[in-house]
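Down below is the structure, laid out as structure tokens.
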Amino acid sequence: MKAVKGNKSTSGFTLIELVTAIVLLGILSVGISGVLNIGTQIYVDATSRDQIIGTARFAVERLNRELRTALPNSVRTVYVDGNNCLEYTPIITSFVYLDIPVAPEEAAKTIKLVGNEADFTVIQIGSDNKVAVYPLRPQDVYLSTDKVFTLNSLLKSGAGDKQWDISFLNDVLFREDSPTNRLYFIDDAVRFCVEGRQLVRYVGAGDGVLMADDISTSEFTVDEATLNRNSTVIFSFTFERNLELVTFSHEVQIPNVP
């Protein structure tokens, strides 16, 4: 008889194949995780950069717009509680006056303005506002007793359709006339202060409002006006977040209208 030989069959992996597969999978996982980490870090950096740029643009644009409404020669740098601040007095509006009491004239409690009724009804002028005439230095705005006076009331004059009377709390005597007979209605002073890493805005004695954060360095510079040029305000900020640095520097000219 002939013996029947059976066929041998093999299945599964050898130990060497298993070890090789594990090593290859480990290498692939390390490579993939590295790619994912790089992509995640790129996203985080781009997001941080966009947030910094957005914050910086808002702060710079806000300062730029507000400073353009500043009373001529009212912008100055001050330190409040050890914090560097940029301060200015905003203009509500301006009008031409007919006459104001100037030494050696006698003091008066009322003066006359010229303007259309629509010009006065559009603006909001109250008894807590002030008027200023021909300020030449910041001291004339914040420390003067003969350049800025507190308003009491604003009434239409019976002398003409375009004439208005301003009354003050007390008799006033201005130091000098404006070359263009211009009188400014002004509001409470505004300060932008850098407190730690934050830019905070204050109005008068009110509470501060956060304008920007993540500020690592800042600088305010004010070049006062001369006979040949307007006042210039230069401010620069460096914003930092997650090792991302963005520096913004801006210059604003304040028209020197007497």
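The values are calculated or read from the model by the stated rules, or taken from the named source; none is laboratory data. Bear in mind that the values here come from a model prediction, so they are computed numbers and not experimental data. All Cβ positions, glycine included, derive from the backbone under ideal geometry; neighbour counts span all protein chains shown.
Counting residues that are small (Gly, Ala, Ser) and within 20 Å of ARG65 (Cα to Cα), which strands (runs of 3 or more DSSP E) fully inside segment 181-231 reach at least 1? Give the derivation first.
On the way: elements: 182-186, 190-195, 198-203, 209-212, 215-223.
The strands (runs of 3 or more DSSP E) meeting that bar are 209-212, 215-223.
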Checking ILE254 against (1) within 22 Å of PHE58 (Cβ to Cβ); (2) surrounded by fewer than 18 Cβ atoms within 10 Å (Cβ to Cβ), the condition it does not meet: (2)
For ASN170, the lone unmet condition from (1) outside the structural domain of ASN242 (by TED's automatic domain parsing); (2) surrounded by 15 or more Cβ atoms within 10 Å (Cβ to Cβ) is (2)
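Would you point out the residue of segment 57-84, among those that are surrounded by 20 or more Cβ atoms within 10 Å (Cβ to Cβ) and in contact with an Asp or Glu (Cβ under 9 Å, 6 or more places away or on another chain), that is modelled with the lowest pLDDT? Walk me through how you get there before you give the answer.
From segment 57-84, those surrounded by 20 or more Cβ atoms within 10 Å (Cβ to Cβ) are 59, 63, 67, 70-76; that's our starting set.
Narrowing further to those that are in contact with an Asp or Glu (Cβ under 9 Å, 6 or more places away or on another chain): 73-76.
On the way: ASN73: 91, SER74: 94, VAL75: 95, ARG76: 95.
Ranking the qualifying residues of segment 57-84, first place goes to ASN73.
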Qualifying residues in segment 203-216 (those that are on the phi < 0 side of the Ramachandran plot and touching a residue at least 24 places away in the same chain (Cβ under 8 Å)) - the one surrounded by the most Cβ atoms within 10 Å (Cβ to Cβ): ALA212
Report, by residue number, each residue of segment 66-105 that is without any contact (Cβ under 8 Å) to a residue 24 or more places away in the chain and more than 22 Å from TYR142 (Cα to Cα). ASP99, PRO104
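Only residues that are small (Gly, Ala, Ser) and out of contact with any Lys or Arg (no Cβ under 9 Å at 6 or more places or on another chain): list them for segment 75-115, please. Lay out the reasoning, then the answer.
Pass one, segment 75-115, residues small (Gly, Ala, Ser): 82, 94, 103, 107-108, 115.
Listed by number, the residues that qualify are GLY82, ALA107, ALA108.
With the structure loaded, tell me whether GLU224 is under 30 Å from LEU113 (Cα atoms), of a type outside the set (A, V, I, L, M, F, W, C) and under 24 Å from the mean Cα position of the chain (by Cα) or whether it fails that test.
Values: under 30 Å from LEU113 (Cα atoms): yes; of a type outside the set (A, V, I, L, M, F, W, C): yes; under 24 Å from the mean Cα position of the chain (by Cα): yes.
Judged against the criteria, GLU224 is a match.
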So for segment 232-255 (the condition being in the same structural domain as GLY82 (by TED's automatic domain parsing), among the polar types (S, T, N, Q), free of Cβ contacts under 8 Å to residues at least 40 places away in the same chain and in a loop (DSSP other than H, G, I, E, B)), does at least one residue qualify? no
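Within segment 177-194, restricting attention to residues that are closer than 16 Å to LEU143 by Cα and among the β-branched types (Val, Ile, Thr), which residue is modelled with the lowest pLDDT?
Let us first name the residues in segment 177-194 that are closer than 16 Å to LEU143 by Cα, namely 186-190.
Pick out the ones that are also among the β-branched types (Val, Ile, Thr) and you get 186, 190.
Numbers: ILE186: 92, VAL190: 96.
Out of the qualifying residues, it is ILE186.
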Residues of segment 50-89 satisfying the condition of being assigned to a strand (DSSP E or B), of a type in the set (Ser, Thr, Tyr) and out of contact with any Cys (no Cβ under 8 Å at 6 or more places or on another chain): TYR88
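Quick check on this structure: which one of ILE125, ILE166, ILE92 is modelled with pLDDT under 90 and in a loop (DSSP other than H, G, I, E, B)? Outline the logic, then answer.
Working: ILE166 fails: in a loop (DSSP other than H, G, I, E, B); ILE92 fails: in a loop (DSSP other than H, G, I, E, B).
Among ILE125, ILE166, ILE92, only ILE125 is modelled with pLDDT under 90 and in a loop (DSSP other than H, G, I, E, B).
Given VAL200, VAL194, which one is without any contact (Cβ under 8 Å) to a residue 12 or more places away in the chain and either in contact with an Asp or Glu (Cβ under 6 Å, 6 or more places away or on another chain) or surrounded by 19 or more Cβ atoms within 10 Å (Cβ to Cβ) (or both)? Before you say what the answer is, go through the steps one by one.
Values: VAL194 fails: without any contact (Cβ under 8 Å) to a residue 12 or more places away in the chain.
After applying the criteria, what remains is VAL200.
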